[in-house]
Amino acid sequence: MSVRRLAEENVQPAAFAFSKDNAAWAKATIKKYPKGREQSAVIPLLMRAQEQDGWVTKAAIESVADMLAMPYIRVLEVATFYTQFQLKPVGTRAHVQVCGTTPCMLRGSEDLINLCKKRIHPNPLTPNEAGTLSWEEVECQGTCVNAPMVMIFKDTYEDLTVPQLEYIIDRFDAGKGADVKPGPQIDRIFSAPVGGPTTLLAPEKKPAAPRAKKVNDDAAVSVPPSNAGRAKTAAPETDPTLKTPVTAKAESAANDKVAGDTKAEGGKVAKPETAAATPAALVGKPADTAKPSLEDKNRPAGIAKPATPDDLKLISGVGPKIEGILHELGIFTFAQVAGWKKAEREWVDGYLNFKGRIERDDWVKQAKALAKGGEAEYIKVFGKKPR
Ligand code: FES
């Protein structure tokens with residue numbers, strides 16, 4: 001960790017005062033703490049002073065200490081300890097803090113530092129000629145899983161490559177830093193595995209089968225209630241290998257029955273089997289309540305497979321398997337996904353057992369961008385390439 005000292009006297013302003021609004025905010029913030037514990041407001045007050053003036057001046061440190069009845073040295077200790085506080089003037093549009101701790105170093109932070117030296121200034125904590133950008137190396141910022149990373153003001157930008165960081169710096173330098181989405185810059189949710197979850201996955205989806213026309217109740221009653229009850233306990237849906245012989249036999253019979261009673265609908269888009277006809281329901285196991293009915297009015301309309309379907313895998317959150325399921329539902333184009341209403345998104349989310357991921361990944365926004373202008377439009381909207 002670098003030595004952190006206050007800026008030279010010749011750049012220190014003579015005095016510090018919070019603006020009227022900030023003074024009122026500071027007063028309210030101090031009041032949040034119990035009597036005798038007002039010193040706990042030291043970090044928020046220093047942060048507000050930095051947001052107001054761009055950096056933490058010696059006068060600001062003394063002013064905050066007076067407000068909290070603290071010795072100056074105590075506030076100085078706090079301000080000089082945390083790298084979130086800038087002790088000298090930094091870039092007005094971006095101060096890039098590059099993590100140089102081991103995980104980030106092993107994943108390429110040295111290259112990011114070299115880029116900062118080239119693009120901003122050879123020396124850390126020294127603003128570029130226009131005064132808009134500066135950089136420094138800092139210790140671990142707590143997003144090691146997504147190394148390497150940088151922090152710019154309050155946001156982190158993770159899973160970086162040199163071109164990606166260059167793009168981010170350019171956006172900030174152009175005053176358009178808000179265009180860049182903070183967090184991972186690759187296809188991952190927070191610090192989840194790259195490419196999607198690898199554990200605690202939903203049970204394997206069954207392949208599409210023709211729609212069941214009629215279900216014979218015989219199969220359902222072929223399992224005595226007592227056995228059916230045991231089946232619920234002994235054969236959880238996630239582990240079919242634990243089925244009892246009775247339930248396995250019943251399931252086989254049910255499958256046979258369903259297979260005999262089903263018929264493909266000629267000319268229409270193939271639809272997977274109905275929930276009511278799933279063997280699981282017939283053998284006394286609880287039906288998969290998370291999976292909505294294919295007959296539900298909120299199921300998005302499908303289309304026949306076009307000659308050149310869109311590559312739905314460009315949507316973050318859609319892999320080959322999910323794309324296959326979407327195709328089974330008759331979803332082949334970005335325009336279809338872009339047009340989904342809330343109820344339809346919820347239906348698909350439930351069908352895929354995604355637990356809200358469609359909203360979290362904003363499939364509709366992604367699909368709109370891809371439908372409008374392909375990858376170029378996606379990069380314009382999201383500041384990164386689609387997966
Ligand atoms: S090592 Fe870089 S964020 Fe932890």
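The values are calculated or read from the model by the stated rules, or taken from the named source; none is laboratory data. None of the values given here were measured: they were computed from a predicted structure. Cβ: placed from backbone, ideal geometry, glycine included. Neighbour counts: every protein chain shown. When the accessible area is computed, the model is the full protein with side chains, heavy atoms only, and any ligands, DNA or RNA have been set aside. Shrake-Rupley method; radii C 1.70, N 1.55, O 1.52, S 1.80 Å.
See the values below:
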| item | result |
| --- | --- |
| Per residue convex hull volume, Cα atoms of the range 310-387, in Å³ | 77 Å³ |
| Neighbour cut-off at most 10 other Cβ (10 Å), DSSP loop, trypsin sites (Lys or Arg not before Pro), the range 294-354 | Lys297 |
| Mean projection area, nm², convex hull over Cα of the range 1-131 | 9.6 nm² |
| √(5λ) per eigenvalue of the Cα gyration tensor, the range 94-184, largest first, Å | 19, 15, 11 |
| Loop GluC sites (Glu not before Pro), the range 1-108, which have at most 11 other Cβ atoms in a 10 Å radius of their Cβ (DSSP) | Glu8 |
| Probe 1.4 Å - accessible area at Lys385, Å² to nearest ten | 140 Å² |
| At most 15 other Cβ within 10 Å, DSSP loop - chymotrypsin sites (Phe, Trp or Tyr not before Pro), the range 141-193 | Phe190 |
| Whole-number accessible area per residue in Å² for the range 9-81, which is evaluated in the context of all protein chains at 1.4 Å | 59 Å² |
| C-alpha center-to-center spacing [the range 311-360, the range 105-172] in angstrom | 35 Å |
| Average accessible area per residue (Å²) across the range 82-193 - probe 1.4 Å, nucleic acids and ligands excluded | 47 Å² |
| Per residue accessible area in Å² of the range 312-387, where ligands, DNA and RNA are left out and the probe is 1.4 Å | 43 Å² |
| Value in Å of the Kirkwood radius, where the range 9-81 supplies the Cα pairs that are averaged | 12.3 Å |
| Whole-percent carbon and sulfur share, accessible surface of the range 312-382, 1.4 Å | 58 percent |
